[in-house]
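The structure under discussion appears below in the form of structure tokens.
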Amino acid sequence: METTPADASPAADHWGISRYTRPLLILGIVLATVSAVLLFIVIGLDAFTATVYSVGGKSINDATPEAEALRDQYLGARIAAILGLVIGGVLLIGSLVVMYLNRSRQNGDDGDDLSFDELAGE
């Protein structure tokens with residue numbers, strides 16, 4: 001009786017998550033990258049705003065409503081970027097762990113490995 005790659009795996013995939021690991025890996029990479037770029041842009045804009053505000057002799061750390069509004073201006077984007085980084089990292093690490101645990105269950109692997117000499121025709 002011939003064994004299939006699904007039968008050969010000691011860690012059987014009971015939830016069917018293996019077929020989603022590569023798309024989740026790609027989604028995690030894209031989400032983490034976009035969130036990191038957004039976070040760098042927001043931090044740069046926040047620093048620029050604080051610099052422009054301090055040119056007039058005011059401090060961004062003052063207790064005035066204007067300074068508080070400027071400090072909170074990019075708060076939503078900063079929280080969204082940090083959440084995106086966390087979610088992207090969880091997706092990335094989770095899919096890598098599932099791919100590592102199921103590394104022996106590669107579809108299309110018939111077990112016939114060719115050496116370099118066989119591929120070169122020698």
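The values are calculated or read from the model by the stated rules, or taken from the named source; none is laboratory data. Treat the numbers as computed from the prediction; the structure is a model and nothing was measured. Please note: Cβ atoms are built from the backbone with ideal geometry, for glycine as well, and neighbour counts cover all protein chains shown. Note: accessible area is taken over every heavy atom of the protein model, side chains too, but ligands, DNA and RNA are not part of it. Shrake-Rupley method; radii C 1.70, N 1.55, O 1.52, S 1.80 Å.
Here are the numbers:
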{"quantity": "Inter-residue pairs, beta-carbon under 7 Å, first over 16 Å from Leu27 (Cα atoms) and open to solvent by less than 80 Å² (accessible area, probe 1.4 Å) and in the stretch 72-84, second of a type in the set (Lys, Arg) and at pLDDT below 95, 6+ apart", "calculated": "none"}
{"quantity": "Enumeration of residues in the stretch 25-70 that are among the charged types (D, E, K, R) and either touching a helix residue (DSSP H, G or I) at 6+ places or on another chain (Cβ under 7 Å) or more than 25 Å from Leu85 (Cβ to Cβ) (or both)", "calculated": "Lys58, Asp62, Glu66, Glu68"}
{"quantity": "Neighbours by Cβ (under 7 Å, 6+ apart or cross-chain): first from the stretch 27-51, of a type in the set (S, T, N, Q); second open to solvent by less than 50 Å² (accessible area, probe 1.4 Å) and assigned to a helix (DSSP H, G or I)", "calculated": "Ser35/Ala81; Ser35/Gly84; Ser35/Gly88; Thr49/Leu70"}
